[in-house]
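First comes the structure, then the notes that go with it.
The values are calculated or read from the model by the stated rules, or taken from the named source; none is laboratory data. A quick note: this is a predicted structure, and the numbers were derived from the prediction, not measured. Cβ sites come from the backbone with ideal geometry, for glycine too, and all protein chains shown count toward neighbours. The accessibility values were calculated without ligands, DNA or RNA, using every heavy atom of the protein model including side chains. Shrake-Rupley method; radii C 1.70, N 1.55, O 1.52, S 1.80 Å.
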Amino acid sequence: MPQSAEHVLDHFDLFRGPEYQQMLANKKKMFENPRDPAEVERVREWAKTPEYREKNFAREALTVNPAKACQPLGAVFAAVGFEQTIPFVHGSQGCVAYYRSHLSRHFKEPSSCVSSSMTEDAAVFGGLNNMIDGLANTYNMYKPKMIAVSTTCMAEVIGDDLNAFIKTSKEKGSVPAEYDVPFAHTPAFVGSHVTGYDNALKGIIEHFWDGKAGTAPKLERTANEKINFIGGFDGYTVGNIREVKRIFGLMGIDYTILADNSEVFDTPTDGEFRMYDGGTTLEDAANAIHAKATISMQEYCTEKTLPLIAAHGQEVAAFNHPVGVSATDKFLMTLSRITGKPIPEELARERGRLVDAVADSSAHIHGKKFAIYGDPDLCLGLAGFLLELGAEPTHILATNGGKAWAEKVQKLLDSSPFGQNCHVYPGKDLWHMRSLLFTEPVDFLIGNTYGKYLERDTGTPLIRIGFPIFDRHHHHRYPVWGYQGGLNVLVWILDRIFESIDATTNVPAKSDYSFDIIR
Amino acid sequence: MSSLSATIQDVFNEPGCGKNANKSEAERKKGCTKQLQPGGAAGGCAFDGAKIALQPLTDVAHLVHGPIACEGNSWDNRGAKSSGSNLWRTGFTTDINETDVVFGGEKRLFKSIREIIEKYDPPAIFVYQTCVPAMIGDDIDAVCKAAREKFNKPVIPINSPGFVGPKNLGNKLAGEALLQHVIGTEEPEYTTPYDLNIIGEYNLSGELWQVKPLLDELGIRIMACISGDGKYKEVASSHRAKAAMMVCSKAMINVARKMEERYGIPFFEGSFYGIEDSSDSLREIARMLIERGAPAELMDRTEALIAREEAKAWAAIAKYKPRFQGKKVLLITGGVKSWSVVAALQEAGLELVGTSVKKSTKEDKERIKELMGQDAHMIEDMTPREMYKMLKDARADIMLSGGRSQFIALKASMPWLDINQERHHAYMGYVGMVKLVEEIDKALYNPVWAQVRKPAPWEKAGENWQSRAMAQAEAEAAALAADPVKAEEARRAKKICNCKSVELGVIEDAILANNLSTVEGVREATNASGGCGACAVRIEEILEQMVSASHAIAAE
């Protein structure tokens, strides 16, 4: 056997050895009822045809390779953005393990989150006891300042009433009566992780502003000059929120970041484990009611939160994951208008540098066709930047995008000659995208880690932007917002373009006459 | 074997070079040795010029004898393309150190040659002399000779150390090295009546390959291309070609002319930039080959091919004409490329509003005038402010320029397309012109330019530097218009000779006072053109104008 204790091979090498190859071949031949390879090949090729695409798009029930996650994931993401807050998901513990691994694999950080661990009997008789015990245990074991409750499908299907359950739990002494336990119903069979983010944040704000579920007087708003900022569900939250704080600092704006999870997803390795780190203080969360305005960077992550805030008398402004020069201009001008603060020289220079960088490299991006998939706001932000670069977005797809989103994307595309040959696909999945890439090929694909299968199958080079990114490290530490963020996105796109050129020109004595050191 | 200084003198005597032919004996002696303004932004040196000219020879080991500076900065720095060997891209240098400087680097050079032969066994090694070994007295000619005898392999000294002069001189010295040591040293396996040399073509971005298929189709063999995608043996046996085309007019004229003199190979100066130029060049090639004994039917086939290719190219370009309607181009690039590209752009329906002639000769200027008409706006030394003004007045929509001026264009908020050696596309031949037009279209319509021109949304009107500069320029212009004395002062204050800092007024006064009629006279009186000599063309123009003006006065 090729494997030996002295020199242990991992799967990269082990199964390529002749013994394993022979074994796998035998297994296939003798036990797997193998098909004629020519027939396999024929079907593979057929799956690339317009005929297959038509059948693929006629799918009514089945989703294949969805580009979205579930509500509670978004709820957990929002909850950890508050000071010493532990997300508590009422429902089955397996779901919660998924959120933790999902977030950990993306941010390469531990992700703390608890579950009420409902089992079969809880599903039959209701999860009240799980809530009572769960809150008590969480409170005693992890000493959180706040427990933010959301739900999995299981609890939603049987109709557990969080408000009543939490009230009962407090009566039973699980947590002190005045202890903060905001909640949100977040069934995965409605919406996606961006909806869950919205619901959880709304639940927390409502809790603090509107009388803590009837246990405290509602807050009265006395307007001040502060600005609230909401990032939305964002894989780049670490870099983005830090960048936004820097921008606010440069402009001299007094601000509150709501759901600031930029620290907890980027804790230092210095010998101390931080189960909680950073986050919006509970005091700030409550006082956010007095702010002059609230800015949301992602409209579709705050569809319910912003109206709630607006109803309290604040101005609200929503953006669509702004990336690039014009989008950042709009963001800053809105800030400037609301606060009356001028744009500082430092930001003006950063703008000039981004324009300079775009101009230096525009020839390489101009006219290149892109397919984009991701969350609705990110798709809009990236499409806007691509149009600005002279690239041609060709397919824009969001599994969790709706009709209103599609119309908004179409409007954006209509605003530029570079958007004329693009189609929007709301509610479609990555298997649809596969057909699109085969029948209407593009030069590059922008998406998350799951795009690597599309890259392999269709040969379309993947630019990894989005969530989750599991197979590349640390990109979440870089901002994509602000002019500096635009520069990062530009560089990621360009890097892939040049890598792709190198990869197609590197065969010695065949194509390497174009394997140039200057690009 | 002639000494380096003798070779340089010989190059300066080049009768094929119009610029040299127009010079006086004393001027010729000084040659093209641009004494650059100390402190000025300088171009490449003679070593760089030699390397550029020969580096595209693909199967040769190019060994740079000197400290790391020379090869370290020039290794694989050009986009020439090879269809065969990649040896030319390997950076070979002796990388001499302090000890070598004290005790001499000849031994290291010899060992380096031996190691190349042992490890790579190329058909030839070119050894480039650089400043430091030249100054300490390393005799690369002797080392190369010894190596040649010892290893029985062509080891060619390229004697063009940086300090002898500018890049252009280096091009010519490289040509001299080929003439002296390479051309005519081997015999081709066979010859045909269709054997052609192409001289001064570097196959940048693989441009030659856009023309070669046409020649192949006509049965014309490129016997040797000097030096793009060239092979040593081809160059060594290129003396058996029937005719030659010289592509980059000034770089290797000595090679073309001396090959005519020594081997009777007639040459013409042509260009494959632009549709009509390509057709003219193909016709000329056919004509020359027929004159040298090829069957006359070659011309019929050539005409048929031209008709076919032109039709295809025009059809492809026609699509763009509506998009180019009323679009104006500013062309900032040196020398021969100016006029050849001017023709090409006009073919695409673009209007030229200006071109630089910084590195152009008088003939180049004339050619541009011929193509663009009398109101050709030739920009000698355009400042960003002037560039911006042209743009602002909607007098230019795009600037085509070399890699270095792109940055000026950007700061002046102007769309820009690279057409010099760092470009990434091939513009030669019929398809190349379609590609150029396609790229111009892209640059014209790239949304970044709207972004560049648009001030930041928080900027108030009139507060950026452009607006201030425009306001200042307008104020200055108004002041001059109102005051003829000041206007005359300003006119006379225009700097003609940058090296010696001589103003137009000084030159005019000297011409009138001393009744001068030659550039030499002006130089003796004012020192103008006593530096790099580039302004001699402008002084000639001043002389012409003043002479015609005085005739007019005399006729009254």
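Cross-link partners for A:Lys292 among the aspartates and glutamates, with Cα-Cα distance under 12 Å and sequence neighbours closer than 8 places in the same chain left out: A:Glu225, A:Asp254, A:Glu315. The residues of the stretch A:494-518 occluded by other protein chains by 30 Å² or more of accessible area, set against the chain on its own, are A:Asp512, A:Tyr513, A:Asp516, A:Ile517, A:Ile518; surface from heavy atoms, 1.4 Å probe.
As a fraction of the 1.4 Å probe accessible area of the stretch B:493-555, surface on carbon and sulfur atoms comes out at 51 percent. What's the angle, to the nearest 10 degrees (0 to 90), between helix A:482-503's Cα axis and the longest principal axis of chain A? So the helix axis and the longest Cα principal axis differ by about 20 degrees. Projecting the Cα atoms of A:Asn421, A:Leu103, A:Ser296 onto the charge dipole of chain A (Cβ charges, centred on the Cα centre) puts A:Asn421 farthest toward the positive pole.
Rolling a 1.4 Å probe over the protein chains gives B:Ile496 an accessible area of about 10 Å².
Each Lys and Arg adds +1 at its Cβ and each Asp and Glu adds -1 at its Cβ; summed about the Cα centre, the stretch B:493-555 shows a dipole of about 200 debye.
Using the Kirkwood formula over every pair of different C-alpha atoms, what hydrodynamic radius in Å results for the protein assembly as shown?
Working: mean 1/r = 0.0290 Å⁻¹.
About 34.5 Å, per the Kirkwood formula over Cα pairs.
Exposure check, 1.4 Å probe, all protein chains in place: B:Lys460 carries approximately 130 Å² of accessible surface. For the stretch A:311-343, a decrease in accessible area of 50 Å² or greater in the assembled protein chains relative to the isolated chain, with a 1.4 Å probe, applies to A:Met333.
Each listed q (0.17, 0.24, 0.28 Å⁻¹) maps to a log10 I(q)/I(0) for the stretch A:1-52 from the Debye sum over equal C-alpha point scatterers, namely -0.71, -0.89, -0.99.
For A:Cys422, B:Cys70, write out the residues from largest to smallest accessible area, computed with a 1.4 angstrom probe and no ligands counted.
Working: A:Cys422 5, B:Cys70 30 Å².
The ordering from most to least exposed comes out as B:Cys70, A:Cys422.
Exposure check, 1.4 Å probe, all protein chains in place: A:Met154 carries approximately 50 Å² of accessible surface.
Comparing each chain alone with all protein chains together (probe 1.4 Å, DNA, RNA and ligands left out), the residues of the stretch B:435-460 losing at least 30 Å² of accessible area are B:Lys442, B:Asn446, B:Pro447, B:Val448, B:Gln451, B:Pro457, B:Trp458. When the accessible areas of A alone and B alone are added and the area of the pair subtracted, with a 1.4 Å probe, the result is around 2300 Å², both sides summed.
Relative to the longest principal axis of the Cα atoms of chain A, the long axis of helix A:37-46 makes an angle of roughly 60 degrees. Rolling a 1.4 Å probe across the protein heavy atoms gives the stretch B:493-555 an accessible surface of 51 Å² per residue. Which aspartates and glutamates have a Cα less than 16 Å from the Cα of A:Lys145, not counting those fewer than 8 places away in the same chain? Filter leaves A:Glu83, A:Glu178, A:Asp180, A:Asp260, A:Asp277, A:Glu283, A:Asp284. Our estimate of slack between A:Glu54 and A:Arg353, defined as 0.36 nm per intervening residue step minus the Cα-Cα distance, is 103.1 nm. For the protein assembly as shown, the dipole from Cβ point charges (+1 on Lys and Arg, -1 on Asp and Glu) about the Cα centre works out to 280 debye, to the nearest 20. Counting only DSSP H runs of at least 4 residues, each contributing -39500 (n - 2.57), and dividing by the residue count of the protein assembly as shown, the helix-based mean residue ellipticity at 222 nm comes to -15000 deg cm²/dmol. For chain A, the Kirkwood estimate of hydrodynamic radius, built from reciprocal distances between every pair of different alpha carbons, is 25.0 Å.
Computed with a 1.4 Å probe over protein heavy atoms only, the accessible surface of the stretch A:360-514 comes to 36 Å² per residue. Note on chain A: with neighbouring protein chains present and a 1.4 Å probe, carbon and sulfur make up 53 percent of its accessible heavy-atom surface. Placing unit charges on the Cβ atoms of the charged side chains and taking the dipole of the protein assembly as shown about its Cα centre, the candidate lying farthest along the positive direction among B:Ala244, B:Val101, B:Ala490 is B:Ala244. The residues of the stretch B:33-181 present an accessible area of 40 Å² per residue when probed at 1.4 Å with all protein chains retained.
The angle separating the long axis of helix A:376-389 from the principal Cα axis of greatest extent in chain A is about 50 degrees. Packing here is the average count of other Cβ atoms within 10 Å per residue, and on that basis the peptides A:365-376, A:503-514, highest first, run A:365-376, A:503-514. For the stretch B:130-221, the share of accessible area belonging to carbon and sulfur comes to 51 percent (1.4 Å probe, ligands and nucleic acids excluded).
Sort B:Thr185, A:Thr399 by heavy-atom solvent-accessible area, probe 1.4 angstrom, most to least.
Working: B:Thr185 80, A:Thr399 15 Å².
The ranking, largest first, comes out as B:Thr185, A:Thr399.
With 28 Å as the limit, the listed pairs A:Lys108/A:Lys143; B:Lys167/B:Lys454; B:Lys51/B:Lys500 have B:Lys167/B:Lys454; B:Lys51/B:Lys500 beyond it between alpha carbons.
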